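Below is one structure, written out as structure tokens, with a few remarks after it.
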Amino acid sequence: MKNLIFGLCFALFLSNPVRAEDANAIHVDVVAKTSSSWDGSTLPGYPKGTPEITILKITVPPGVQLPMHEHPVINAGVLLSGELTVVTEDNKTLHLKAGEPIVEVVNKWHYGKNEGKTAAEILVFYAGVQGTPISIKK
């Protein structure tokens, strides 16, 4: 019940913009809102089970490539710093710069690589269910 009340209050807050002349106004930017992943695929439905949210801050050093992997759960993130390139098994490519969001591909093999000169830091939110891994290596 608390979650429902909080959700309704938050939705009400988002639907009523604050006046621009209010110097103490809270500003809300929608960073991403979509039903598709970055490659244009429709996101799958949420699985049945006890929800489990995982939030990871991942640092990829310069020149490092992650192994080929897939995510069985919906996830999205924001690149906090650096640059990151994501490549699917069928060679679809996304280049991210600091501040840009990503809604990740689900159940598709892909990898990320840092082609920049500084570490890439990304904050990623995974919406899964208990007992389901958030990532599987190939």
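The values are calculated or read from the model by the stated rules, or taken from the named source; none is laboratory data. All of these numbers come straight from a predicted model, not from anything done at the bench. Here the Cβ is made from the backbone with ideal geometry for all residues, glycine too, and neighbour counts use every protein chain on show.
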Across the range 46-55, which residue is nearest to GLY112 (Cα to Cα) among those that are outside any strand (DSSP E or B) and over 16 Å from the mean Cα position of the chain (by Cα)? PRO47
Quick check on ILE58: is it closer than 19 Å to SER35 by Cα, outside any loop (DSSP other than H, G, I, E, B) and in contact with a Gly (Cβ under 9 Å, 6 or more places away or on another chain)? no
Restricting the range 78-96 to residues that are farther than 15 Å from GLU115 by Cβ and not acidic (Asp, Glu), the residue that is surrounded by the fewest Cβ atoms within 10 Å (Cβ to Cβ): ASN91
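Conditions (1) over 11 Å from the mean Cα position of the chain (by Cα); (2) among the charged types (D, E, K, R); (3) at pLDDT 95 or above, marked per residue:
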position	(1), (2), (3)
HIS71	yes, no, yes
GLY77	no, no, yes
VAL86	yes, no, yes
GLU89	yes, yes, yes
LYS108	yes, yes, yes
THR118	yes, no, yes
VAL124	no, no, yes
ALA127	no, no, yes
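Limited to the range 115-133, what total is found for residues that are surrounded by 16 or more Cβ atoms within 10 Å (Cβ to Cβ) and either among the β-branched types (Val, Ile, Thr) or closer than 28 Å to GLU52 by Cβ (or both)?
Our first condition is that a residue be surrounded by 16 or more Cβ atoms within 10 Å (Cβ to Cβ); within the range 115-133, this holds for 116, 120-122, 124, 126-128.
Imposing the further condition that a residue be either among the β-branched types (Val, Ile, Thr) or closer than 28 Å to GLU52 by Cβ (or both) reduces the set to 120-122, 124, 126-128.
So the answer is 7.
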Please work out if PRO72 is outside any strand (DSSP E or B), closer than 29 Å to ASP29 by Cα and either without any contact (Cβ under 8 Å) to a residue 24 or more places away in the chain or out of contact with any Pro (no Cβ under 8 Å at 6 or more places or on another chain) (or both). no
Within the range 92-132, the residues that are under 25 Å from PRO47 (Cβ atoms) and in a loop (DSSP other than H, G, I, E, B) are LYS92, GLU104, VAL105, VAL106, ASN107, LYS108, TRP109, GLN130, GLY131, THR132
